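**Q** Got a structure here, written out as C-alpha cells. Questions coming.
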Amino acid sequence: MGIKELDVIFSKIYQKLSNTHDIETLSLLEDLLKKETQYIFDIFFNEISQFEKEKYQKIIDLSK
C-alpha cells in the first residue's frame, strides 16, 4: 500500500465534500492534510492512538 491508495481515499472524500458547507469537517481535513504523509497513511491503514482516531473519525468515515 502507498500513495496510490491515499489518492483513492482522498478522491472519495473529495467527492463526498465537494458540495458541502460543513466548515468543521473541511477544517479537520485541512488540518490532516498539513501532516506528514506517513502520519496520514497511518490514520487510514495502521493502528493509531484512540485520541487520533477520534480526532479524525469524520474524515476516516468519509473514506469508506
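Values quoted throughout were computed directly from the atomic coordinates according to the rules given, and no laboratory measurement underlies them. Just so it is clear, the structure is predicted and the values come from calculations on it, not from any experiment. Don't worry about glycine lacking a Cβ; one is built from the backbone with ideal geometry, like all the others, and counts go over all protein chains shown.
**Q** Do the sum for the chain: with -39,500 (n - 2.57) for every DSSP H run of n ≥ 4, divided by all residues, what is the mean residue ellipticity at 222 nm, to the nearest 500 deg cm²/dmol?
**A** -21000 deg cm²/dmol
**Q** So for the chain, taking the charge dipole from beta-carbon charges (+1 Lys/Arg, -1 Asp/Glu), which of V8, T25, Q57 sits furthest toward the positive end?
**A** Value computed over the given set: V8.
**Q** Provide the net charge surrounding S49, with neighbours chosen by a C-beta distance below 15 Å and charges set as Lys +1, Arg +1, Asp -1, Glu -1.
**A** -1
**Q** Tell me, what HN-Hα J-couplings in whole Hz come from the Karplus equation 6.51 cos²θ - 1.76 cosθ + 1.60 at θ = phi - 60° for each residue of the stretch 28-34, using x for Gly and Pro?
**A** Coupling constants for the stretch 28-34: 5, 5, 4, 4, 4, 5, 7 Hz.
**Q** Continuing with the same structure: Give me the percent relative contact order of the chain, please, defined on Cα pairs under 8 angstrom at least 6 residues apart.
**A** Here the relative contact order equals 49 percent.
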